[in-house]
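Here the structure comes first, spelled out in structure tokens, and everything after it is commentary.
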Amino acid sequence: MTAFDWKAGVGTASRVLPELGATLGVLVLANFGAAPELRVDGVPIGRMLLPPEAPRPEPAGSCIVGVATDAPLSSAQLCRVARRAGLGLGRTGSVAHHGSGEIFVAFSSSRAPRAVARERRAVELLPGSLLDGLFAATVEATEESVLNALWAAVDTTGRAGRRAHALPHDDVLRLLEAGDRLQSRP
């Protein structure tokens with residue numbers, strides 16, 4: 001798996017939403033994009049780094065994002081949450097190239113009371129007016145999951161000797177500092 005032509009794989013991130021009494025987690029399989037598109041905290045890192053050796057001939061790939069929450073949501077609300085994962089990918093620089101297959105899924109671990117035969121019970125769901133916090137958490141955690149996948153990856157040699165190079169941490173940190181995204185080190 002490569003993302004933006006750098007070695008990637010699986011990344012995770014989560015957010016706690018105390019105002020909702022909920023937690024949201026994201027797991028991303030990052031395998032998409034071309035090196036010049038990479039953005040970190042809005043900084044166009046990919047345009048400023050020397051590209052890795054032997055990038056893919058086409059920037060296509062596939063990205064799978066799973067969003068889990070314990071907030072009580074309906075299936076329609078979960079679909080709305082899942083769609084926000086694409087915004088998180090976009091913040092990293094993804095443009096969803098032709099041939100790229102993005103899959104987003106969301107589920108809730110909240111347990112609705114079981115209905116007794118022929119008895120219907122009202123299930124308390126989160127009102128739509130309170131979904132914005134979950135939407136923002138999904139976008140942020142998806143972006144962070146992709147960056148975590150890139151950051152944790154190491155140089156790898158795969159089938160037929162194909163090399164996937166790890167993102168150069170020191171160079172990225174220098175560029176982020178130059179972009180005023182990091183506090184200066186003493």
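The values are calculated or read from the model by the stated rules, or taken from the named source; none is laboratory data. Here the structure is a predicted model, which is why all the values come from computation and not from measurement. Counting neighbours? That spans all protein chains shown, and the Cβs are built from the backbone with ideal geometry, glycine included.
Okay, here's what the table says:
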{"read-out": "Extreme residue, surrounded by the most Cβ atoms within 10 Å (Cβ to Cβ), among residues of the stretch 69-82 that are closer than 14 Å to Gly128 by Cβ and touching a Phe, Trp or Tyr at 6+ places or on another chain (Cβ under 8 Å)", "value": "Val81"}
{"read-out": "Where a residue in the stretch 114-143 is under 17 Å from Gly66 (Cα atoms) and modelled with pLDDT of 95 or more and its partner, wherever it lies, is buried (at least 17 other Cβ atoms within 10 Å of the Cβ) and charged (D, E, K, R), with Cβ under 6 Å and at least six apart", "value": "Phe135/Arg84; Ala137/Arg15; Thr138/Arg84; Val139/Arg84; Ala141/Arg15; Glu143/Arg91"}
{"read-out": "Test: Thr12 is under 15 Å from Thr138 (Cβ atoms), among the hydroxyl-bearing types (Ser, Thr, Tyr) and buried (at least 16 other Cβ atoms within 10 Å of the Cβ)", "value": "no"}
{"read-out": "Boolean, Pro36 is over 16 Å from Phe104 (Cβ atoms) and part of a loop (DSSP other than H, G, I, E, B)", "value": "no"}
{"read-out": "Verdict on Ala166 being surrounded by 18 or more Cβ atoms within 10 Å (Cβ to Cβ) and either modelled with pLDDT of 95 or more or within 17 Å of the chain's Cα centre (by Cα) (or both)", "value": "no"}
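Conditions tested, residue by residue: (1) outside any loop (DSSP other than H, G, I, E, B); (2) touching a strand residue (DSSP E or B) at 6+ places or on another chain (Cβ under 8 Å); (3) small (Gly, Ala, Ser).
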{"residue": "Leu27", "(1), (2), (3)": "yes, yes, no"}
{"residue": "Pro52", "(1), (2), (3)": "no, yes, no"}
{"residue": "Leu73", "(1), (2), (3)": "no, yes, no"}
{"residue": "Leu78", "(1), (2), (3)": "yes, yes, no"}
{"residue": "Gly90", "(1), (2), (3)": "yes, no, yes"}
{"residue": "Ser94", "(1), (2), (3)": "no, yes, yes"}
